[in-house]
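The values are calculated or read from the model by the stated rules, or taken from the named source; none is laboratory data. Keep in mind it's a predicted model, so treat the numbers as computed, not measured. Methodologically, a virtual Cβ is constructed for each residue, glycine included, from the backbone with ideal geometry; neighbour enumeration extends over all protein chains shown. Surface accessibility is based on the protein's heavy atoms, side chains included, excluding ligands, DNA and RNA. Shrake-Rupley method; radii C 1.70, N 1.55, O 1.52, S 1.80 Å.
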Amino acid sequence: MLDRIEEIRKDAEQAIRACADPKALDLLRARYLGRGDGMLTEILRGIGTLDAALRPKVGEVAGRAKNEIAALLEEARARLDSRPEAAQAGFDTTLPGRRPALGRRHLLTQITDELVGIFERIGFSLADGPEVETEYHNFDALNTPADHPARDLHDTFYLEEGGLLLRTHTSTVQVRTMEQMPPPVRVISAGRCYRRDTPDATHHFVFHQIEGLWVDKGVTFGDLKGVIIYLAHQLFGEEVQVRFRPHFFPFTEPSAEYDFSCIFCKGEGCRVCKRTGWIEIAGAGMVDPAVFEAVGYDPEAVTGFAFGMGIDRLGMLKYGVDDIRAFLESDLRFIEQF
Ligand code: PHE
């Protein structure tokens, strides 16, 4: 009998201490001390039927257990009543809160902002131009005659309205800027461009370019190299090397393509750089005098350079994105990673 009482007491102590809900506490009180069939109540009531020699001891132990359980119930009641209001109303205030979904800038916007910032720090300001362009601004003024391969229908989306197209590069903004202001100019411009390409991991018919133009008295190819090297170091670190290769663009003379030493293998040769140690970044050159003439600048008075590059491509390199289509698909699983 004494063991049984101790068992009930222990059981009650555990249950009451663990109890976190006032209603459950009422049930516990009924279970152990309830007037009708409380476990201890029944034992106390049965004492009279016990052997006379056992009665005093059992009575004492059961009485003590009863007081103890009553005290534990009091204590638990006080504990539950002193909880903050929200907890009393049934909220568990110890649970972590639900985080509101945070919006963010798209990875392309982040890269574009970073590039714009890099150039703004050395005195470039932002210029803009339309995505639906005239053939004149996309080609003619950029010294691109009608029979140039870039004007082939396969490369360009022409609109039904005569003379309009979706710009194939941001070099259009060079023309628009120089039309609007006299030299000196030092602008960059970023935005969407379109070409009739079949999408795959590295091509898309919509892509993004950033263009730079610096025109003033005495601007040289050396200045161009300085700006591109500065860009490479800002983007990928001081150890990146830059090389220029002769190239042809109708609107620059001389023209060059520039490469950065592979940021993945540090120039050793790997899969990304096709074992060459170099990654092609984009095109640049000294503004062709024919372009100055088209916008009304005097090619004898000023010189300048222009450069352009694919933002998507830089983003792929910098953030390890292996498919250019990811930039345009609005897949949250991709977007939320950056
Ligand atoms: N517009 C050229 C292209 O899309 C890049 C370029 C820009 C080249 C400026 C020279 C100067 O490929």
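Output the lone cysteines of the chain: those with no second cysteine's C-beta under 4.7 Å from their C-beta.
Cys19, Cys193
Mind checking which of Val132, His169, Pro183 is farthest towards the positive end of segment 124-204's charge dipole, using Cβ charges of +1 (Lys, Arg) and -1 (Asp, Glu) about the Cα centre?
Pro183
Taking only protein heavy atoms into account and a 1.4 Å probe, give the accessible area per residue of segment 107-335 in Å².
Accessible area per residue: 47 Å².
Can you pull out the trypsin sites (Lys or Arg not before Pro) in segment 37-106 whose DSSP state is coil and whose Cβ has at most 13 other Cβ atoms within 10 Å?
Hits after loop and neighbour filter: Arg98, Arg104, Arg105.
Name the residue, out of Gly218, Gly46, Gly267, whose mean-square fluctuation peaks in a Gaussian network model built on the chain with Cα pairs under 10 Å.
Of the options given, Gly46 has the highest mean-square fluctuation.
Heavy atoms only, 1.4 Å probe, whole protein assembly: order Asp92, Asp147, Asp197 by accessible area, highest first.
Descending order: Asp147, Asp92, Asp197.
With springs only between Cα atoms under 10 Å apart, run a GNM on the chain and tell me which of Leu235, Leu164, Leu27 wobbles the most.
Leu27
Hand me the trypsin sites (Lys or Arg not before Pro) from segment 242-292 located in a DSSP loop with no more than 16 other Cβ atoms within 10 Å, in residue order please.
Counting only loop positions with at most 16 other Cβ atoms within 10 Å, the trypsin sites (Lys or Arg not before Pro) in segment 242-292 are Lys266, Arg271, Lys274, Arg275.
Looking at Phe307, Val116, Pro56, which one has the Cα that reaches farthest to the positive end of the dipole of the chain (charges on Cβ: Lys, Arg +1; Asp, Glu -1)?
Pro56
Could you tally up the Lys pairs in the chain with alpha carbons closer than 16 Å? Skip any pair fewer than 8 positions apart unless they're on separate chains.
Lysine pairs meeting the criterion: 4.
Given a 1.4 Å probe and every protein chain left where it sits, what share in percent of the accessible area of the chain is carbon and sulfur?
Taking all protein chains in place, the chain shows 52 percent carbon and sulfur surface.
If you put +1 on each Lys and Arg Cβ and -1 on each Asp and Glu Cβ, how big is the dipole of segment 205-338 around its Cα centre, in Debye rounded to 20?
Approximately 560 debye in magnitude.
Roughly how many Å is it from the Cα centre of segment 280-328 to that of segment 51-79, as a whole number?
89
At 1.4 Å probe size, with no ligands or nucleic acids counted, give the accessible surface of Thr94 in Å², nearest ten.
Rounded to the nearest 10, the figure is 110 Å².
Ignoring GluC sites (Glu not before Pro) that are buried or in helix or strand per DSSP, and keeping those with at most 11 other beta carbon atoms within 10 Å, what is the longest stretch of the chain between them?
Between the exposed loop sites, the longest stretch runs 1-159.
Using a Gaussian network model of the chain whose springs link C-alpha atoms within less than 10 Å, name the residue from Gln110, Gln241, Gln180 with the highest mean-square fluctuation.
Among Gln110, Gln241, Gln180, the largest mean-square fluctuation in the Gaussian network model of the chain belongs to Gln180.
Ignoring everything but the protein chains, give the 1.4 Å probe accessible area of Met181 in square angstrom, nearest 10.
Approximately 80 Å² for this residue.
Rank Asp155, Asp81 by accessible area, highest first, at a 1.4 Å probe radius?
Asp81, Asp155
About the Cα centre, and with charges only on the beta carbon of Lys, Arg (+1) and Asp, Glu (-1), how big is the dipole of the chain? Nearest 20 debye, please.
The dipole of the chain has a size of about 2280 debye.
Projecting each Cα onto the charge dipole of segment 2-88 (Lys/Arg +1, Asp/Glu -1 at the beta carbon, about the Cα centre), which of Leu28, Ala12, Asn67 comes out farthest on the positive side?
It is Asn67.
Return one quarter of the surface area of the convex hull spanned by the alpha-carbon atoms of the chain, equal to its mean projected area, in nm².
Result: a mean projected hull area of 30.9 nm².
Round to the nearest 10 and report in Å² the accessible area of Leu54, as given by a 1.4 Å probe over the protein chains' heavy atoms.
We get 90 Å² for Leu54.
With a 1.4 Å probe and all protein chains kept in place, how do Lys23, Lys10 rank by accessible area, largest first?
Lys23, Lys10
Under the rule of -39500 (n - 2.57) per DSSP H run of 4 or more residues, summed and divided by the residues of the chain, what mean residue ellipticity at 222 nm is obtained, to the nearest 500 deg cm²/dmol?
-11500 deg cm²/dmol
For segment 2-88, give the magnitude of the charge dipole about the Cα centre (Cβ charges: +1 Lys/Arg, -1 Asp/Glu; no others), in debye to the nearest 20.
Charge dipole of segment 2-88: 140 debye, to the nearest 20.
If you average the sequence gap of Cα pairs under 8 Å that are 6 or more apart and divide by the length of the chain, what percent do you get for the contact order?
Rounded, it is 14 percent for the chain.
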